[in-house]
Amino acid sequence: MKRTVLIAIGGAALIGAALYALSNVSAQTDRIVLRDADPETVARGASVYAANCASCHGANLEGQANWRSPGEDGRLPAPPHDETGHTWHHDGDTLFRLTKYGVGALIKDPDYATNMPNYEDVLSDEDIIAVLSYIKSTWPEDVRARHNDMESRQ
């Protein structure tokens with residue numbers, strides 16, 4: 001009887017440990033999912049973009065002129081977020097982290113000089129996802145399909 005109780009307790013502990021390990025793995029693999037086909041999210045994103053992003057990245061996502069060449073201050077101008085830029089070359093997780101924490105944090109260089117602020121204390125996670133969803137919703141279907149394909153391989 002004592003042996004049966006010990007086996008039961010040991011089995012329960014083993015199952016509990018396995019469930020704990022699996023929950024940690026799934027928590028670490030949670031990914032940002034852009035909702036570019038959700039009209040409510042896209043509308044929210046358009047509004048948040050207009051209020052927080054358009055002054056640098058353009059009302060039509062066109063970015064600043066000569067965005068690939070540093071300006072007089074040594075910093076890169078704001079890139080376009082339309083299909084002519086490189087935004088769609090990055091997965092949703094990368095775009096989210098760049099927006100929330102800033103370029104320096106993303107590349108692990110706290111001294112990286114950029115005009116792009118981080119939005120960690122400005123926008124909620126849902127607002128950031130909405131903005132990125134809005135941006136993606138404006139891309140042509142072939143670009144969105146390429147982005148979706150990249151996302152599915154991550």
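The values are calculated or read from the model by the stated rules, or taken from the named source; none is laboratory data. These numbers were taken from a predicted model, which means no experiment stands behind them. Heads up, the Cβs are rebuilt from the backbone with ideal geometry, glycines too, and the neighbour counts pull from every protein chain shown.
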Problem set entry | Neighbours by Cβ (under 8 Å, 6+ apart or cross-chain): first from the stretch 31-48, at pLDDT below 95; second small (Gly, Ala, Ser) | Arg31/Gly92; Ile32/Gly92; Val33/Gly92
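I'd like to verify a number: residues in the stretch 86-132 that are in a loop (DSSP other than H, G, I, E, B) and without any contact (Cβ under 8 Å) to a residue 12 or more places away in the chain, how many?
Residues meeting the conditions: 10.
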Exercise. Looking at Gly85, is it assigned by TED's automatic domain parsing to the domain that holds Ala37 and either in contact with a Phe, Trp or Tyr (Cβ under 9 Å, 6 or more places away or on another chain) or of a type in the set (S, T, N, Q) (or both)?
Worked result: yes
Exercise. Any residue in the stretch 97-105 that is more than 24 Å from Gln154 (Cα to Cα) and among the polar types (S, T, N, Q)?
Worked result: no
For this session: For the stretch 122-133, state whether one or more residues are in contact with a helix residue (DSSP H, G or I) (Cβ under 8 Å, 6 or more places away or on another chain) and either of a type in the set (Phe, Trp, Tyr) or more than 20 Å from Arg44 (Cβ to Cβ) (or both).
Result: no
Exercise. Only one of (1) modelled with pLDDT under 95; (2) surrounded by 13 or more Cβ atoms within 10 Å (Cβ to Cβ); (3) of a type in the set (A, V, I, L, M, F, W, C) is not met by Ile107, so which one is it?
Worked result: (2)
Problem set entry | Residue in the stretch 81-95 that is surrounded by 12 or more Cβ atoms within 10 Å (Cβ to Cβ), farther than 16 Å from Val143 by Cβ and out of contact with any Gly (no Cβ under 6 Å at 6 or more places or on another chain) present | yes
